[in-house]
1. Please go through segment 103-202 and write out the chymotrypsin sites (Phe, Trp or Tyr not before Pro) that DSSP classes as loop and that have at most 16 other C-beta atoms within 10 Å.
2. Take the chain, connect every pair of alpha-carbon atoms lying under 10 Å apart with a spring to form a Gaussian network, then pick out the residue of I334, I287, I136 with the largest mean-square fluctuation.
3. For n ≥ 4 DSSP H runs only, could you compute -39500 (n - 2.57) per run for the chain, divide by its residues and tell me the 222 nm figure to the nearest 500?
4. Which whole-angstrom value gives the distance between the alpha carbon centres of segment 153-219 and segment 265-291?
5. Could you list T326, T242 so that the one with the fewest beta carbons within 10 Å of its beta carbon is first and the one with the most is last?
6. Under 4.7 Å Cβ to Cβ, no partner at all: give me those cysteines from the chain, in residue order.
7. Which of the lysines could a cross-linker span from K124 if the Cα-Cα distance has to be under 19 Å and same-chain partners fewer than 8 positions apart are dropped?
8. Which order do D174, D122, D18 fall in if you start with the one that has the fewest other Cβ atoms within 10 Å?
Amino acid sequence: MIKHVHGGDVYSREIDLDFSANINPLGMPDSVKAAIINSVLEFEKYPDVRCKKLKSAIAEFENVGVDNIVCGNGAADLIYKIVGALKPKRALVPSPTFSEYEKALETFDCEVLYHCLSEENDFKIDERIISKIKGIDMLFLCNPNNPVGNLTDPAIMKKIINKCIEQNVTFVIDECFLDFVENKELYSVKPEFDNVVIIKAFTKIFAMAGVRLGYMICKDKYVCEKAESFGQCWNVSAVAQTAGCAALGEKEYILKTVEAVKKEREFLTENLRKLNFKVFEPCANFIFFKTSLPIDRWLLEDKIAVRSCGNYKNLNENFFRIAVRTHAENEALIIALLKIQRTKGY
C-alpha cells in the first residue's frame, strides 16, 4: 500500500473542512471552469505533446522564451523530470522542506545530503548553507519554503547562486508558493543563469490541484530539452493545457488573492498566538506553528483536517501546518480550537 505523506487526503477519512492542503481559498477562476466546459468536445483528441499554445501563454506571462519552458503534470512531475534527465550523483536538500525532492533524488540513486535548519533561527535559510555547496551536483530550495512558509533573503539567494555557478551545481528553485507573496518580484529568481531551474505550478495559486499542471523555466535550452524528453509523451492532458491558458489571463485574480490571503493570514496568526501556539512568521497561504497538543487528532473529531508535520525530516509531531482558507472556514477552525481548549482543559 502507498503511504500518503502529503496534505489533501480527504478520501480515506470523513473531512468537512480541509486545512491540510494549501490551495487558493478563492477557488478555481470562473474563466478556467468555463474554458474546460466549453472545450470538452476537444478532449477526444490526443493532447499536443509540445504544449505549443500553453508554452506561448507561459512565455508571455513570465517574459521568457518558449524554448526555455518545460510543461509537466504538476510541480512534482517536473521535480522527477529534472532529476531523471540530469541524474545527479550527490545533492543537497534543506530540512525541513518538501519531501518530493528527496524522493525523486533517491528514485534515481542519488546520494542525498541534508542542510538542517534550526528552530532557534526560525528555520531560515542563511549563509551556513553556502559552505555545503561543494562536491554536489544539485541543490533544491523551496522559496517560500514548505512547510515553514518563510522566504530566503534575496542577498543570501544571490550568494547561493554564485556559489552554485562556481561549483557547477544545478540549482533547482521551487517557487510554487511565491505568487501568494506581496512584492514577489523582490524574491523571484530570474532565469538569467544556465545552472538555475525554476519550478512553478498552477496547483496552488489557481486552485487547480486536480487538473495537474506545472512548468519549469531554465535559460539552458539543453537542460530543457533533456527534461522534456524524459518520461512519457502525453503527461500534460488537453484539459490541463486548456485550463492553463485560461488561468494565465487572470492577473487581477492573483492580486485579489494576495490581498485576501494577507487579511486572513493575519486573522489566523493572531488567534493562534492567543491560543499560546508558537507561530512562525508566515508570508504565503499557509501557517506553520508548534504545540505539544495532538490537535490534528482532536480536530478530526470535528471533521477538520490540518497537516501534521511529524513526518518531515528535522521536525516532530509538535509541528503543524494549516492553509489559509476563507474567513468563514478560518473562524470555524478557531472556534473548534477554542472548544478543544475548553473541553480538554489545557
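1. In loop regions of segment 103-202 (DSSP not H, G, I, E or B), the sparsely surrounded chymotrypsin sites (Phe, Trp or Tyr not before Pro) are F108, F193.
2. Highest fluctuation among the options: I334.
3. -11000 deg cm²/dmol
4. Answer, in whole Å: 25.
5. The fewest-first ordering by Cβ neighbours comes to T326, T242.
6. Within the chain, the cysteines lacking a partner Cβ under 4.7 Å are C110, C116, C142, C164, C176, C218, C224, C233, C245, C283, C309.
7. Straight-line reach from K124, under 19 Å: K132, K158, K159, K163, K184, K278, K290, K313.
8. D122, D18, D174
No lab work stands behind these numbers, since they all come straight from the coordinates. Values in this document were obtained by computation on a predicted structure and should not be read as measured data. So basically every Cβ, Gly included, is an ideal-geometry build from the backbone, and we count neighbours across all protein chains shown.
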